[in-house]
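This report concerns only the one structure given below.
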Amino acid sequence: MTGRICGTGSALPHFRVTNDDLSKIMDTSDEWIRSRTGIETRYLATEETTTSLAVEASRKALENAGVDAAELDVIIAATVTPDKLFPTLSCELQSELGAVNATAFDISAGCSGFLFALNTVQAYIESGCCRKALILGAEVLSKIMDWGDRSTCVLFGDGAGAAVICADETGILKCVQRSDGAKGMALHCYNRPVNNPYKKNPADLDYTHMNGQEVYKFAVRTVPKTISEILAAVDVTPDEVSYFILHQANIRIIESVAKRLHQPMEKFPLNLTECGNISAASVPTLLDKVNRRGLLKKGDKIVLAGFGAGLTWGAAVLTW
Ligand code: UT7
């Protein structure tokens, strides 16, 4: 048995912010953001929360799969911006959905979170202890941005994407998850500091810090190599792949991966133009977009790949 993606869903906040909108509140420009990243707009939460976006995306994925929440054995939410430290987003989601038979837990793996969740569910399915699972990436990154730091805040957006995974004869052919904690400070955000009667610290909250060029170099080196490795492991050539659904951080990274794999950009769908970088939500929201447009045909080979904080990265090749 393997895991098969049998339904997808996504949710975005209603409030859309253009590059020109940002240029009115900080020293930036549409020209800089567009030419350096490909991003044109992003959606930011005003009324929405990480949980409300996750619930909406998950309901749509269950509906798309024709699966009842009570059939789920496992729920895994990938997020770095849960509304609460505890209970977890996945437990809140279990309650909201009425997934009474599921065990639920969160994964924190930055922008690779959805791939880590997929890999984990695949292991559960292969071991025989799960038949139906819900995995998702949900983020309200705008709450951990330093809105005085133009080098990070213009890049990110908010949203959620989900997928239902069912045990089946065909589906995931191979997936991997990897990490290199030694490079963790390239992209980090501190939690609240130690603060107790014996050790006082200012209660200031930290925000996202990124060494963009270091993460960029890591991505263009690691992503094509990992994709090539998993494809070779299952004897599939890049030419046989219909779509490469990559984490949406920067169009230049995606162009570089396409070039290294000798594949046309038409095989690399985008949503960064509209949504910016939504971390763990970027791969599943894009997958949902491609799925709902009817672009995925039964039997198509699809590659998913994520990379980001940790540093972490992961990839999967599957038959649709
Ligand atoms: O999802 C997690 C994974 N994250 C990523 O994959 C991000 C990877 N990195 C990147 O995508 C790129 O490195 C960035 C888009 C973050 C930055 O692009 P860059 O070409 O590496 O620009 P830079 O950081 O070298 O900055 C170039 C210039 C600087 O000015 P000076 O020092 O040359 O005068 C920055 O101060 O651009 C300036 N700059 C801006 N200017 C206008 C930085 N941010 C902005 C901005 N608007 N928003």
Calculate, in nm to one decimal, what Ser228 and Asp27 gain on full extension: separation in residues at 0.36 nm each, minus their alpha carbon distance.
-> 68.4 nm
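Could you check what % of the DSSP bridge pairs in the chain are antiparallel, to the nearest 5?
Within the chain, antiparallel bridges account for around 70 percent of the total.
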Among trypsin sites (Lys or Arg not before Pro) in region 185-243, those in a DSSP loop whose Cβ has at most 12 other Cβ atoms within 10 Å are Lys200
Got a sec? Which residues in region 33-60 would a label at Asp83 touch, if it sits 7 Å along Cα→Cβ and we count backbone N under 11 Å?
-> 48-56
Reachable aspartates and glutamates from Lys217, criterion Cα separation under 18 angstrom, eight or more residues apart if same chain = Asp180, Glu255
How high is the relative contact order of the chain, in percent, counting Cα pairs under 8 Å that sit 6 or more residues apart?
-> 26
Indicate, rounded to the nearest 5 percent, the antiparallel portion of the DSSP beta bridges found entirely in region 1-108.
-> 45
So which of Lys267/Lys289; Lys60/Lys225; Lys143/Lys174; Lys174/Lys297; Lys60/Lys298 end up more than 23 Å apart, counting from Cα to Cα?
-> Lys60/Lys225; Lys143/Lys174
Note the full-extension length gain between Ala123 and Lys267 as 0.36 nm times their separation in residues minus their Cα-Cα distance, in nm to one decimal.
-> 49.0 nm
Percent relative contact order for region 58-189, counting Cα pairs under 8 Å at least six residues apart, stands at 27
In region 259-313, the trypsin sites (Lys or Arg not before Pro) that fall in loop regions by DSSP, at most 15 other Cβ within 10 Å = Arg293, Lys297, Lys298
Quick one: Debye curve from the alpha-carbon atoms of region 1-97 only, equal weights, vacuum; give me log10 I(q)/I(0) at q = 0.10, 0.12, 0.23, 0.24 Å⁻¹ to two decimals.
-> -0.41, -0.55, -1.15, -1.20
Write out the GluC sites (Glu not before Pro) in region 156-262 meeting two conditions: DSSP loop, and at most 15 other Cβ atoms within 10 Å of their Cβ.
-> Glu169
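No lab work stands behind these numbers, since they all come straight from the coordinates. No experiment lies behind these values; they were computed from the predicted model shown. No Cβ is skipped: glycine too gets one built from the backbone with ideal geometry, and neighbour counts run over all protein chains shown.
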